[in-house]
1. Can you pull out the helices (runs of 4 or more DSSP H) entirely within region 24-72 that have at least 3 residues that are surrounded by 11 or more Cβ atoms within 10 Å (Cβ to Cβ) and in contact (Cβ under 8 Å) with a residue 12 or more places away in the chain?
């Protein structure tokens, strides 16, 4: 009985490991934030100037942008 229970536990663990990442939410537009930021930097935009204006709120601004461009995983 103990061996059957152990085998069932191992099987459940293996299924859980492989099913977890597969079933996780995926962004609608993965990489949108980095791609858009790189495009802006390559157009000659003054990234340092804009970064100085965002001081203290940079994380919140980046999060809001990722939500609007579809870069946040959906549940």
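1. On the way: elements: 32-42, 47-53, 58-69.
Result: 32-42, 58-69.
A quick yes/no check of all residues on (1) modelled with pLDDT of 75 or more; (2) closer than 18 Å to residue 69 by Cβ:
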residue	(1), (2)
14	no, no
21	no, no
27	no, yes
31	yes, yes
35	yes, yes
38	yes, yes
48	yes, no
51	yes, no
55	yes, no
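The values are calculated or read from the model by the stated rules, or taken from the named source; none is laboratory data. Small disclaimer: the values here were computed from a predicted structure and weren't measured. Cβ sites come from the backbone with ideal geometry, for glycine too, and all protein chains shown count toward neighbours.
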